[in-house]
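The values are calculated or read from the model by the stated rules, or taken from the named source; none is laboratory data. These figures come from a predicted structure and were not determined experimentally. Neighbour counts are summed over all protein chains in view; Cβ atoms, including those assigned to glycine, are modelled from backbone coordinates with ideal geometry.
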Amino acid sequence: MRNDDLAALVYENMLLSRVSSSGYRPHRKDILLDRSAAALLARLEAQPDMTVAELSDALGLDISTVHRQLAAAMRQGYIAKRPAPSSSAKVHSATDKGLELLHREIEARKKTVDDITHDWEDSELVEFVRLMRKFNEGVEEMRGHPWPR
C-alpha cells in the first residue's frame, strides 16, 4: 500500500511542479514575475544582503545560473548590488520595485489558488498547507538548506 501511495505522491507532485513552474501564466494575465525572479526576490526579502555564492547555495543552483538570473532581475530594477560592508564581495538586495512586484505576484497567485480551492472546506486547506509545509521542510532538511519562514 505505501509503495502505491508513494507512486501516487510522486506523480501528483510531478503534475503540481509542471503547473506551478509555469507560474499559472496561461490562465493569469496579472502574474508579473517569472519563477526565477520570484524565487530570488522571496529569498532576498527573507534574508537580505546575500552574495551570489550564498544565493547559489540557498537556491540549490549553479553560480552561473544565479549570475544569469540576478543580471536579468537587476536589468529590470528588481534587485540591487552593492559592496558588502565587511568583505570585498558584493551583496544583493531586493529593491522597493522588486518587493512591490513580488507582493503583487503573491496576491495574484493567492487569487489563482483561491480559484482552484474555492470549494474546499477550510479544514482541507489548513491540512493541505500543513502537509505541504511538512513535505517542503523534509526536502529542505535532506538538502541541508532550510528556507526562512
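Structural remarks
- Some residue of region 55-68 being free of Cβ contacts under 8 Å to residues at least 40 places away in the same chain, within 27 Å of residue 126 (Cα to Cα), surrounded by 12 or more Cβ atoms within 10 Å (Cβ to Cβ) and not basic (Lys, Arg): yes
- Qualifying residue in region 3-15 (condition: more than 22 Å from residue 136 (Cβ to Cβ), at pLDDT below 95 and of a type outside the set (Ser, Thr, Tyr)): yes
- The residue pairs whose first member lies in region 6-28 and is on the phi < 0 side of the Ramachandran plot, whose second member is surrounded by 10 or more Cβ atoms within 10 Å (Cβ to Cβ) and at pLDDT below 75, and whose beta carbons are closer than 9 Å, counting only pairs six or more residues apart or on different chains, are 25/31.
- Residue count for region 31-64, restricted to those that are assigned to a helix (DSSP H, G or I), among the hydroxyl-bearing types (Ser, Thr, Tyr) and more than 15 Å from the chain's Cα centre (by Cα): 1
- Filtered residue count, region 41-50, keeping only those that are touching a His at 6+ places or on another chain (Cβ under 9 Å), closer than 15 Å to residue 102 by Cα and buried (at least 19 other Cβ atoms within 10 Å of the Cβ): 1
- With respect to the conditions (1) surrounded by 16 or more Cβ atoms within 10 Å (Cβ to Cβ); (2) outside any helix (DSSP H, G or I); (3) modelled with pLDDT of 90 or more, residue 23 falls short on a single one, namely (3).
Let's see how each residue does on (1) surrounded by 13 or more Cβ atoms within 10 Å (Cβ to Cβ); (2) under 30 Å from residue 131 (Cα atoms); (3) out of contact with any helix residue (DSSP H, G or I) (no Cβ under 7 Å at 6 or more places or on another chain):
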| site | (1), (2), (3) |
| --- | --- |
| 3 | no, yes, yes |
| 11 | no, yes, yes |
| 32 | yes, yes, no |
| 52 | yes, no, no |
| 71 | no, no, yes |
| 79 | yes, no, no |
| 93 | yes, no, no |
| 105 | yes, yes, no |
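- Scanning region 82-96 for residues that are over 12 Å from residue 41 (Cβ atoms) and without any contact (Cβ under 8 Å) to a residue 12 or more places away in the chain returns 82, 83, 85, 86, 87, 88.
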